[in-house]
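Novice: Sharing a structure below in structure tokens format, with a few things to ask.
Every read-out reported here was derived from the displayed coordinates using simple, explicitly stated rules and does not represent laboratory data. Keep in mind that what you see is a predicted model, and the values were worked out from it rather than measured. Here the Cβ positions follow ideal geometry from the backbone for every residue, glycine too, while neighbour counts run over all protein chains shown.
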Amino acid sequence: MKNQWIEFYSGIVTVKITGKGIERFINSLTRANLVIWNVKKCGTNTIIFKMKLSDVHELRKHKRNSDCKIRFLQRSGAPFLLKRLLRNSGFLIGAVGFILVIMILSNMVWGIEIKGAKPVTEHQIRKELTNMGIKVGKLQFYMDDVETIQRKLTNKIEELTWVGVELRGTTYHFQVVEKNQPKKPEVLSPRNLVAKKKAIIVKMFVENGKSQVKLHDRVVPGQLLISGSIGKEDKPKIVAAKGEILGETWYKTSVNLPLKSNFYVFNGQEKIKQSVSLGKLKIPVWGFGKIQYKEYEKETLEKNIRFLKWELPITYVFDTYREREKVTREYSREEAIEMAKNLAREDIKSLLSEEAKIKGEKVLHQSFENGKVKISIHFQVIENIAKAEPITQGDSE
């Protein structure tokens, strides 16, 4: 029979029919559309065949109108297997419980190892880890990922230069580098310092090399500022030019800012749903019911589940729903101009180094069109304009 796997789930019985007129009995079953298969004749008055469990009741009806006797030889399929499992439910519960306990233990933290830290720093790290909820005996599902742990430790403990975090099985491994290690001296190859942009020099400090420009000189990109060639012209000595040349540079930026805009903000309300995911199948564990928020954002965090040292294709999923509200912000013309200036300053600062300073600014153009303020601003900036340029053999001759 082609669909024996389908019949397996509904149940299969092996039937033995004995008596006179078994051929007529089989024909009556066929006319009633009862499905039978593997029909075997054993002797003159005996036939054995298989049929669906759901048709047994109909078989008994046909038996009443015949002189045949029915005997059920074998029962197979899912319903009978389930009965046997329920009969031995103690073993089943024990096996399932054992697997669950092993799985839970495999996803707990059983060790925290810290290498490269002094005893005082190690104590501080362990204390901070406890505050973060990372301790022995806690499930890994409710802990931050290794990147977040690394970032939090680096931000909260000033003594750390770098900390590497790795989760191997049930143990967290921390590799620490502290700030009190001596810095390696910087080795510089022979070089000049040249201008990297147009500028007017406002401040100079030459530590090594020979200055080629003076205060208030206007320089262009590529112009030599500090030469790495010192000494006499006939016997020059090549060194690594070192120093700082501050110059006044110029930037221009344009900003378009709408007077009225809509955006979303979180109001602090959130709901967390937890589930176990196996492929496309998702089994809810915590946080049932529909999300009642009209507007919300969903954030999903997945944690892999392990069994002993193996990672299973099962994940524990945290779905966080945060309610948000739509807010309309409207500026007056004066507020819009001031906000546009602030945005322009932030735009310029993103292009500059931390040491650079904005000396002055001048609005070149401003207008109001289609509900927007359009503004162009010219900035004067003081920054280091020097960059290194290696000295080749041909340059030194």
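Novice: Run through the stretch 287-324 and list the GluC sites (Glu not before Pro) located in a DSSP loop whose Cβ has at most 14 other Cβ atoms within 10 Å.
Specialist: Numbers: sites: E295, E297, E299, E302, E311, E323; in loops: E295.
Counting only loop positions with at most 14 other Cβ atoms within 10 Å, the GluC sites (Glu not before Pro) in the stretch 287-324 are E295.
Novice: Tell me, what ³J(HN,Hα) does each residue in the stretch 165-175 have, in order and in whole Hz, if you take phi through Karplus 6.51 cos²θ - 1.76 cosθ + 1.60 with θ = phi - 60° and put x for Gly and Pro?
Specialist: These are the phi-based 3J(HN,Hα) values: 10, 9, 9, 10, x, 10, 10, 8, 10, 10, 10 Hz.
Novice: If you keep only loop residues by DSSP, which GluC sites (Glu not before Pro) in the stretch 85-163 have at most 13 other Cβ atoms within 10 Å of their Cβ?
Specialist: On the way: sites: E113, E122, E128, E147, E158, E159; in loops: E158, E159.
Filter output for the stretch 85-163: E158.
Novice: L312's amide H: which non-local residues (gap 5+, or another chain) put their own amide H closer than 5 Å, with H modeled 1.01 Å from N in plane and none for Pro or chain starts?
Specialist: Excluding prolines and chain starts, which carry no amide H, the hits are I305, R306, F307.
Novice: Which Cα, out of A340, F368, I314, lies furthest along the positive dipole direction of the stretch 281-397 (beta carbon charges, K/R +1, D/E -1)?
Specialist: Sorting the options by dipole projection puts first I314.
Novice: Students often get this wrong, so check it: of K326/K374; K198/K359; K197/K357; K41/K69, which have C-alpha atoms separated by over 22 Å?
Specialist: Numbers: K326/K374 25 Å; K198/K359 16 Å; K197/K357 16 Å; K41/K69 15 Å.
The pairs that break the limit, which is 22 Å between Cα atoms, are K326/K374.
Novice: Explain nothing, just compute: Karplus ³J(HN,Hα) = 6.51 cos²θ - 1.76 cosθ + 1.60, θ = phi - 60°, for every residue of the stretch 317-332 in order, whole Hz, x for Gly and Pro.
Specialist: 10, 10, 9, 9, 10, 10, 6, 10, 10, 7, 10, 9, 10, 10, 9, 6
Novice: Can you list the HN-Hα couplings for the stretch 386-392, worked out from phi with the Karplus curve (6.51, -1.76, 1.60; θ = phi - 60°), rounded to whole Hz and with x for Gly and Pro?
Specialist: Computed from phi, the couplings for the stretch 386-392 are 8, 9, 7, 9, x, 8, 8 Hz.
Novice: Okay, moving on. Might you report the magnitude of the Cβ-based charge dipole of the chain about its Cα centre, with Lys and Arg at +1 and Asp and Glu at -1, to the nearest 20 debye?
Specialist: Details: 70 positive and 45 negative charges, 666 e Å.
The calculation lands at about 3200 debye.
Novice: Using Cα pairs closer than 8 Å and at least 6 residues apart in sequence, work out the relative contact order for the stretch 36-194, in percent. Could you put the intermediate results ahead of the total?
Specialist: Details: 131 pairs, mean separation 28.6, N = 159.
Averaging sequence separation for qualifying contacts and normalising by length gives 18 percent for the stretch 36-194.
Novice: Something else now. Pairs of lysine in the stretch 77-153 with Cα under 30 Å and at least 8 positions apart or on different chains: total?
Specialist: Within the stretch 77-153, the lysine pair count is 13.
Novice: Picking from L259, V213, I112, whose Cα lies most toward the positive end of the charge dipole for the chain (charges on Cβ: Lys, Arg +1; Asp, Glu -1)?
Specialist: Most positive-ward Cα: I112.
Novice: Only bridges with both residues in the stretch 111-178 count here: give the DSSP antiparallel percent, nearest 5.
Specialist: Values: 8 of 13 bridges.
The antiparallel proportion sits near 60 percent.
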